[in-house]
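Undergrad: I have a structure here, written as structure tokens, and I will follow up with some questions on it.
The values are calculated or read from the model by the stated rules, or taken from the named source; none is laboratory data. This is a predicted model, so every value here is computed, not measured. Heads up, the Cβs are rebuilt from the backbone with ideal geometry, glycines too, and the neighbour counts pull from every protein chain shown. The area values use the complete protein model at the heavy-atom level, side chains included, leaving out ligands, DNA and RNA. Shrake-Rupley method; radii C 1.70, N 1.55, O 1.52, S 1.80 Å.
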Amino acid sequence: MKLNKETKVGLLAIFALATVYLGINFLKGKAIFSSNNSYCTVYTNSRGLSVSSPVLLNGVPVGTVRKLKTLPADEGYTVLVTFETKKDVKLTDATKAWLVSSSLFGEKAIDLSIEKGNPLK
């Protein structure tokens, strides 16, 4: 089967756009083909925490922050943080998610303290 030049250019353009899209999402810290567990927590002050900040368990990175959202005034302008962890990390209802400083420049990370309790999900 012989392809004409227009078809080859079209296929090349589609491949280039897909590569750019996947590359940008990779640089943003999004895992394209992985299935992770997603959790939410609320903080009154999340200064220094940003999207793609690490989630730590005993000092080892096990996930990343996916989304930060300010809740309305009737909820005290708190911050809803959505983060993902690897599939093998099983959180319980007694798990605590602490904000810790991860660098000298004030960048924050979430440090998980998993305690005995009922498993989530």
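Undergrad: Two-decimal Rg/Rh of the stretch 50-121 from alpha-carbon positions, Kirkwood Rh?
TA: 0.99
Undergrad: What are the lysines whose alpha-carbon lies under 29 Å from the alpha-carbon of Lys108, with same-chain residues fewer than 8 places away excluded?
TA: Reachable lysines: Lys28, Lys30, Lys67, Lys69, Lys86, Lys87, Lys90, Lys96, Lys116, Lys121.
Undergrad: Let me ask something else about it. Rounded to the nearest 0.05, what FRET efficiency do Glu6 and Lys69 have when you use their Cβ-Cβ distance and R0 = 35 Å?
TA: 0.20
Undergrad: Still on this model: Grab the Cα-Cα distance for Thr78 and Val100, subtract it from 0.36 nm times how many residues apart they are, and report the gain in nm with one decimal.
TA: That works out to 6.1 nm of additional length.
Undergrad: So for the stretch 1-52, what are the equivalent ellipsoid semi-axes in whole Å, largest first, each being the square root of 5 times an eigenvalue of the Cα gyration tensor?
TA: For the stretch 1-52, the ellipsoid semi-axes come out as 41, 12, 6 Å.
Undergrad: Working from Cα positions, state the angle (0 to 90°, nearest 10) between the long axis of helix 5-27 and the longest principal axis of the chain.
TA: The answer is roughly 10 degrees.
Undergrad: Once the Cα gyration tensor of the chain is found, what semi-axes does its equivalent ellipsoid get, as square roots of 5 times the eigenvalues, in whole Å, sorted largest first?
TA: Computed over the chain, the values are 38, 18, 14 Å.
Undergrad: Using the heavy atoms of the protein chains and a 1.4 angstrom probe, tell me the accessible area per residue for the stretch 41-89 in square angstrom.
TA: Using a 1.4 Å probe on heavy atoms only, each residue of the stretch 41-89 averages 59 Å².
Undergrad: Output the peptides 91-100, 72-81 sorted from most to least packed, where packing is the average of other Cβ atoms within 10 Å over each peptide's residues.
TA: 91-100, 72-81
Undergrad: Before rounding to the nearest 500, sum -39500 (n - 2.57) across all DSSP H runs of length at least 4 in the chain and divide by the residue total; then give [θ] at 222 nm in deg cm²/dmol.
TA: -6500 deg cm²/dmol
Undergrad: In nm, to one decimal, how far is the Asn36 label point from the Ser52 one, both placed 7 Å along Cα→Cβ?
TA: 1.2 nm
Undergrad: Roughly speaking, to the nearest percent, how much of the stretch 14-121's 1.4 Å accessible area is carbon and sulfur?
TA: Ligands and nucleic acids excluded, carbon and sulfur reach 61 percent.
Undergrad: Before anything else, pin down the relative contact order of the chain: Cα pairs under 8 Å, at least 6 apart, normalised by residue count, whole percent.
TA: Reported as a whole number, the value is 23 percent.
Undergrad: Next up: Evaluate E = 1/(1 + (r/R0)^6) for Leu27 and Asp88, where r is the Cβ-Cβ distance and R0 equals 25 Å; express this FRET efficiency to the nearest 0.05.
TA: With a Förster radius of 25 Å, E is 0.45.
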